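Visitor: Shown below is the structure under consideration.
The values are calculated or read from the model by the stated rules, or taken from the named source; none is laboratory data. Source: prediction; values computed, not measured. Using ideal geometry, Cβ is built from the backbone for each residue, glycine included, and neighbour counts are taken over all protein chains shown. What goes into the accessible areas is simple: the full protein's heavy atoms, side chains included, and nothing from ligands, DNA or RNA. Shrake-Rupley method; radii C 1.70, N 1.55, O 1.52, S 1.80 Å.
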Amino acid sequence: MPGIVIVGVQWGDEGKGKATDLLGERTDWVVKFNGGNNAGHTVVIGDEKYALHLLPSGILSPGVNPVIGNGVVIDLEVLFAELDALSARGIDVSKLRVSANAHIITQYHRTLDKVTERFLGKRQIGTTGRGIGPAYADKINRVGIRVQDLFDESILRQKVEGALEQKNHLLVKVFNRRGITCDEIVEDLLSYAERLRPMVCDTGLLLNKALDAGEVVVFEGGQATMLDIDHGTYPFVTSSSATAGGAATGSGVGPGRLDRIVGIVKAYTTRVGSGPFPTELFDEQGDWLRAAGFEFGTTTGRPRRVGWYDAPITRYATRINGITDLVLTKLDILTGLEKIPVCVAYDVNGERFDEVPVNQSDFHHATPILEHYAGWSEDISSARTFEDLPQTAQDYVLALEEMSGTRISVIGVGPGRDQVIVRHDLI
Ligand code: GDP
Ligand code: IMO
Ligand code: MG
């Protein structure tokens, strides 16, 4: 069972980093296949806490070979700052490999991200401001800069000039900002080239060879299903393929090699940024849930929007990704609630929808139809088997399993590496 994909089920921050870390000991390779430093993964190992953005979480496990795949967009300043910070804490980062085909985020992408958001006013997406959308837009427009371009100055210069031509018109005439010169961009990018060079290779070839040799490869998704460019709540999404299909295109491995698709889902729901969110709480219960779950962004520090578990979303994600196993995280956070509401369907202007409506405005107007499950008050953070959980917690998990149509293989009961209940091994 060598190819294992990890994807987020909801709107991100489900605990994907912890899940990847959990597999670390039995993993040979971890490849990040989408997104960039918009991701924020917190991993807790003993007393140490790590926040990863651009690097795959697998880098924290000594035996793992970390890879940044072709589907990723790379901010080089962030890449080296993260590598240096981890090295300073004693993590071996020397094995990192970077795809020659990955795209580069430049200063003009960051600037455009911020000014476009400001321009959108009330309609803004609430992006992380890291230049992710504009970098992917350039990739699709075929004016992107790729990692391999850094090693040929004249090609780099031509490409940057081409990319800047329209952007400077936009920046100066539409957004009233100063123009950006080709020289400043080229100089900045070249300043990283020599340090980057030894890491760069055909990562698709590397990963296929590893799979041929029977090694275990974990494909680590950033963001999540509902933020996916195709399947998410468009336009309130990120600009990459965060679903399981993206694991193949974003790493250069055929879809048939993805043996297991693991969906990470929180025992309630959170979202950062704008867009529909049917179970969102605006009252003091929401404040309680946010505080109890420490729901503040790892990347931007923004308070996350919070709400109850949404079963149709998990069913949707199961279909879109072909999820074989679910990891249910943060069950411990619900401790102390007398009743736990779960959204089982939606009401849209008097009509019942059992599945996520295909029409975006229906989803915007959806209100949750809730069922209530009995809560528990016992501390569950040291439970290590399913039977250690109070009966009501077991019943809650079994109800979610039944509604999602997929087995819940792992349950998170705390942020620590060992704070899990494994019902079915993922590898
Ligand atoms: P990611 O972006 O999906 O990797 O998730 P984040 O790291 O942004 O957010 C998940 C947060 O929940 C992190 O702070 C984790 O340490 C924490 N976490 C993960 N699993 C559990 C769990 O089962 N219980 C608790 N209490 N915290 C968890
Ligand atoms: P992880 O990997 C939660 C959200 C942003 C915004 C939208 C678009 O930690 O789960 P972008 O900067 O990507 O163009 O922003 O997507 N977003 C995330 N929300 N977790 C993330 O990553 C996210 N990455 C992007 O808040 O609404
Ligand atoms: Mg996160």
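Visitor: Which of the strands (runs of 3 or more DSSP E) found entirely inside the range 361-427 contain at least 3 residues meeting this: open to solvent by 20 Å² or more (accessible area, probe 1.4 Å)?
Guide: Because the criterion is at least 3 residues that are open to solvent by 20 Å² or more (accessible area, probe 1.4 Å), the strands (runs of 3 or more DSSP E) in the range 361-427 that meet it are 367-374.
Visitor: Return the pairs, sorted by first residue and then second, in which the second residue is open to solvent by 20 Å² or more (accessible area, probe 1.4 Å) and assigned to a helix (DSSP H, G or I), the first residue lies in the range 297-324 and is in contact (Cβ under 8 Å) with a residue 24 or more places away in the chain, the beta carbons are less than 6 Å apart, and the residues are 6+ apart or on different chains.
Guide: If the second residue must be open to solvent by 20 Å² or more (accessible area, probe 1.4 Å) and assigned to a helix (DSSP H, G or I), the pairs left are VAL306/ARG290; ALA311/MET403.
Visitor: Going by the conditions given, is PHE294 open to solvent by 10 Å² or more (accessible area, probe 1.4 Å) and more than 30 Å from GLU82 (Cβ to Cβ)?
Guide: no
Visitor: Look through VAL73, VAL64, VAL44 and report the one residue that is open to solvent by 10 Å² or more (accessible area, probe 1.4 Å) and hydrophobic (A, V, I, L, M, F, W, C).
Guide: Checking each option against the conditions leaves just VAL44.
Visitor: Can you run down the residue pairs with Cβ atoms below 7 Å, 6 or more apart or on separate chains, where the first is in the range 352-368 and at negative phi and among the acidic types (Asp, Glu) and the partner is in a helix (DSSP H, G or I) and crowded, with 16+ Cβ neighbours inside 10 Å?
Guide: ASP354/PRO312; GLU355/PRO312; GLU355/ARG315; GLU355/TYR316
Visitor: Turning to a different aspect of this structure: How many residues are assigned to a loop (DSSP other than H, G, I, E, B) and exposed (fewer than 15 other Cβ atoms within 10 Å of the Cβ) when one looks only at the range 93-126?
Guide: Qualifying residue count, the range 93-126: 3.
Visitor: While we're here: Which one is farthest from TYR108 (Cα to Cα) among residues in the range 172-219 that are without any contact (Cβ under 8 Å) to a residue 60 or more places away in the chain and of a type in the set (Val, Ile, Thr)?
Guide: In this case the residue turns out to be VAL174.
Visitor: Checking the condition closer than 21 Å to GLU25 by Cβ and touching a residue at least 12 places away in the same chain (Cβ under 8 Å), which residue from GLY405, GLY414, GLY375 passes?
Guide: GLY414
Visitor: Another question, then. Counting only residues that are modelled with pLDDT under 95 and either touching a Ser or Thr at 6+ places or on another chain (Cβ under 7 Å) or more than 8 Å from ligand 1 (Cβ to nearest atom) (or both), how many does the range 290-302 have?
Guide: Here the count works out to 6.
Visitor: Further, regarding this structure: So which residues in the range 114-171 are touching a Lys or Arg at 6+ places or on another chain (Cβ under 7 Å) and either farther than 26 Å from ALA100 by Cα or of a type in the set (Phe, Trp, Tyr) (or both)?
Guide: Listed by number, the residues that qualify are VAL115, PHE151, LEU171.
Visitor: Which condition does PHE277 not pass, out of (1) more than 16 Å from ligand 3 (Cβ to nearest atom); (2) part of a loop (DSSP other than H, G, I, E, B); (3) open to solvent by 40 Å² or more (accessible area, probe 1.4 Å); (4) aromatic (Phe, Trp, Tyr), if it passes all the others?
Guide: Of (1) more than 16 Å from ligand 3 (Cβ to nearest atom); (2) part of a loop (DSSP other than H, G, I, E, B); (3) open to solvent by 40 Å² or more (accessible area, probe 1.4 Å); (4) aromatic (Phe, Trp, Tyr), only one is false for PHE277: (3).
Visitor: When only residues in the range 262-274 that are within 18 Å of ILE229 (Cβ to Cβ) and not in a strand (DSSP E or B) count, which is nearest to ligand 1 (Cβ to nearest atom)?
Guide: Of everything passing the filter in the range 262-274, VAL272 is nearest to ligand 1 (Cβ to nearest atom).
Visitor: Now for a separate question. What's the number of the condition THR314 fails, among (1) among the β-branched types (Val, Ile, Thr); (2) within 22 Å of THR127 (Cα to Cα); (3) more than 14 Å from ligand 2 (Cβ to nearest atom)?
Guide: (2)
Visitor: While we're on this one: Considering only residues that are over 30 Å from PRO2 (Cβ atoms) and within 16 Å of ligand 3 (Cβ to nearest atom), look in the range 254-274 and name the one that is surrounded by the fewest Cβ atoms within 10 Å (Cβ to Cβ).
Guide: Only one residue fits best here, namely GLY273.
Visitor: Looking at (1) out of contact with any Gly (no Cβ under 7 Å at 6 or more places or on another chain); (2) among the basic types (Lys, Arg); (3) not in a helix (DSSP H, G or I), which is the one condition that is false for ARG130?
Guide: It fails just one condition, (1).
Visitor: Could you list all residues from the range 20-43 that are within 12 Å of the chain's Cα centre (by Cα) and within 14 Å of ligand 1 (Cβ to nearest atom)?
Guide: Matches in the range 20-43: THR20, LYS32, ASN34, GLY35, GLY36, ASN37, ASN38, ALA39, GLY40, HIS41, THR42.
Visitor: Determine, yes or no, whether LEU54 is part of a loop (DSSP other than H, G, I, E, B) and under 30 Å from GLY214 (Cα atoms).
Guide: The answer is yes for LEU54.
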